[in-house]
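**Q** Sharing a structure, written as structure tokens. Questions coming.
The values are calculated or read from the model by the stated rules, or taken from the named source; none is laboratory data. Everything numeric in this text was worked out from a predicted model, so none of it was measured. Counting neighbours? That spans all protein chains shown, and the Cβs are built from the backbone with ideal geometry, glycine included.
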Amino acid sequence: MYRDPVQSLEAPLLPSSATAMRPLRVGMIGIGTVGTGTFRVLARNQALIAGRAGRGIKLVVVCARSLARAMGVVGTDVALTNDPMQVATHPDVDVLVEAAGGTGPARDWVMAAIRAGKHVVTANKALLAEHGNEIFAAARQHGVAVAYEGAVAVSIPIVKALREGLTANRIEWVAGIINGTTNFILSKMRDEGVGFAEALAQAQALGYAEADPTFDIEGIDAAHKISLLAANAFGMPVRFADAQVEGITALQGLDVACAEQLGYRIKLLGVAKRRKDGDTEGVELRVQPALVPATHLLAHVNGSMNGIMVKGDASGVTMYYGAGAGSEQTASAVIADLVDVARLDGTHAAQRVPHLGFHPHAVDEQLAVLPRAAVHTRHYLRVPVHSAQQIEAVGAWLAAQQVPVLQVALAHDKTLPPGSGPQVLVLTDAVAQSTVDLAVHALASHPTVAGPVAALRVEMLEG
Ligand SMILES: NC(=O)c1ccc[n+]([C@@H]2O[C@H](COP(=O)([O-])OP(=O)(O)OC[C@H]3O[C@@H](n4cnc5c(N)ncnc54)[C@H](OP(=O)(O)O)[C@@H]3O)[C@@H](O)[C@H]2O)c1
């Protein structure tokens, strides 16, 4: 029987036609931090990127509000315009890089590009958290890709890890520190004993926080990202609108110090956890400042760095660490997406990695976000009391309210700021949020209590 000779393993990696392929032509809207980084890294690593992509990647047109400033970055070889729609629908553009930000006009540009048959790369998490379901559906309909690694954890390829590296797994949870600004602030509060306002001012002075830091400090940015991660982890639509979001603006330095005394650190965590126990089935999707044991890996993600952990049923716990912001750090993700587009351009959509990691028929539209009351975690309570003798009364009263108390302690004198009254610190076992809310509400009017009770979740993640 005749068989064709086995092809030599030494055969060139690229078919000769591929080496002759024309470059992928990029149009970019916005040339600020991310756009500039993308241009610079593309220019600097041009040859190796082409070697990996199988073809060149060439910026052909840029939309900017100040053309003079844009020319200062990209020189005279790239066409410039003030009109974003011109870039989105430009006949010489294969892929739109949306690097302007915002959700209103950006949605219109991205939708126009998709309808014009262009692939889209964006680092705009707000856009995808709010309009991702509509954008991905339109992209499927028009056979184009929308890639967004830069929208989640920038230099950490977590979208790729979830969609490709961990594709065999039933993901149980994804959790992590996914906002560098708040992590910088929390690290300052712990290391230097300063309050939230002073730590925020330092973050702004050093360029880690925007002049308007609302999205970061209120947890909204982290909620955008955890919503995208949950969709990829569990095969559900992007459900940002249902996420429970709590920032760090109300966090007191006293609780950072008390957590430290108990052996914990406070981190702003994004958590997406699949739950099926008893009658409860759904996904916890939440962002909140939470205590993590000081020995846990996430407790050691400090400054502006990000750290994400994923628990898969086969892989076990894996962890990813890196910069969550920055010009070239984001460019690293944007260009990785451009390389993917360069490789997949021309293939049938069914052969590509789906936008949310699952093919549309396998996305579970019914998988819902669990209400806040059903969230089930350990808790930390700090109860200001009139006298240290009341420590036992607080513990006993909480136990009587069905709060499973694990530990009761008094804050040490060296933990407390000068002039502070005694504080009873309580750690509970896992309990429904509804039980804790009721107990905290009732405790507020208890005669032993001398001021507002602080309550935070304690996250006991494996790993
Ligand atoms: N910076 C990061 O580290 C980072 C990390 C991950 C994701 N991202 C995301 O990446 C996107 C861009 O962020 P960035 O930090 O690069 O913001 P940026 O530095 O403010 O840059 C945005 C640029 O877009 C321009 N622009 C806005 N609207 C425009 C319009 N209608 N026409 C033309 N140009 C317009 C702005 O021009 P003007 O200067 O004239 O306003 C600015 O130059 C955002 O979605 C952000 O969330 C950023």
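**Q** Mind listing whichever residues of segment 318-334 are within 7 Å of the ligand (Cβ to nearest atom) and either hydrophobic (A, V, I, L, M, F, W, C) or under 14 Å from the mean Cα position of the chain (by Cα) (or both)?
**A** Scanning segment 318-334 gives Ala325, Thr330.
**Q** Output the strands (runs of 3 or more DSSP E) that fall wholly within segment 79-195 and possess 3 or more residues being in the same structural domain as Gln252 (by TED's automatic domain parsing) and touching a helix residue (DSSP H, G or I) at 6+ places or on another chain (Cβ under 8 Å), or say none.
**A** By residue number, 171-177.
**Q** Out of all the residues in segment 335-349, which are more than 16 Å from the ligand (Cβ to nearest atom) and either among the small types (Gly, Ala, Ser) or at positive phi (or both)?
**A** If the condition is that a residue be more than 16 Å from the ligand (Cβ to nearest atom) and either among the small types (Gly, Ala, Ser) or at positive phi (or both), then Ala342, Gly346, Ala349 are the ones that fit.
**Q** So, one more: Restricting to segment 432-463, name every residue that is out of contact with any helix residue (DSSP H, G or I) (no Cβ under 8 Å at 6 or more places or on another chain) and surrounded by fewer than 19 Cβ atoms within 10 Å (Cβ to Cβ).
**A** Thr435, Leu438, His441, Ala442, Ala444, Ser445, Pro447, Ala450, Gly451, Pro452, Met460, Glu462
**Q** Residues in segment 251-309 that are of a type in the set (S, T, N, Q), closer than 20 Å to Gln407 by Cβ and touching an Asp or Glu at 6+ places or on another chain (Cβ under 8 Å): how many?
**A** Looking only at that region, the number is 0.
**Q** Further question: Only one residue in Val317, Val383, Val341, Val375 is touching a residue at least 12 places away in the same chain (Cβ under 8 Å), crowded, with 17+ Cβ neighbours inside 10 Å and farther than 28 Å from Val453 by Cα, so which one is that?
**A** Only one candidate qualifies: Val341.
**Q** Here is a follow-up. Mind listing just one residue for me: the one in segment 122-160 that is in contact with a Leu (Cβ under 8 Å, 6 or more places away or on another chain) and within 11 Å of the ligand (Cβ to nearest atom) and, of those, nearest to Val310 (Cα to Cα)?
**A** Val152
**Q** Return the only residue of Ala123, Ala112, Ala99 being of a type outside the set (Ser, Thr, Tyr), surrounded by fewer than 17 Cβ atoms within 10 Å (Cβ to Cβ), within 20 Å of Ala151 (Cβ to Cβ) and modelled with pLDDT of 95 or more.
**A** Sole residue among the options that is of a type outside the set (Ser, Thr, Tyr), surrounded by fewer than 17 Cβ atoms within 10 Å (Cβ to Cβ), within 20 Å of Ala151 (Cβ to Cβ) and modelled with pLDDT of 95 or more: Ala112.
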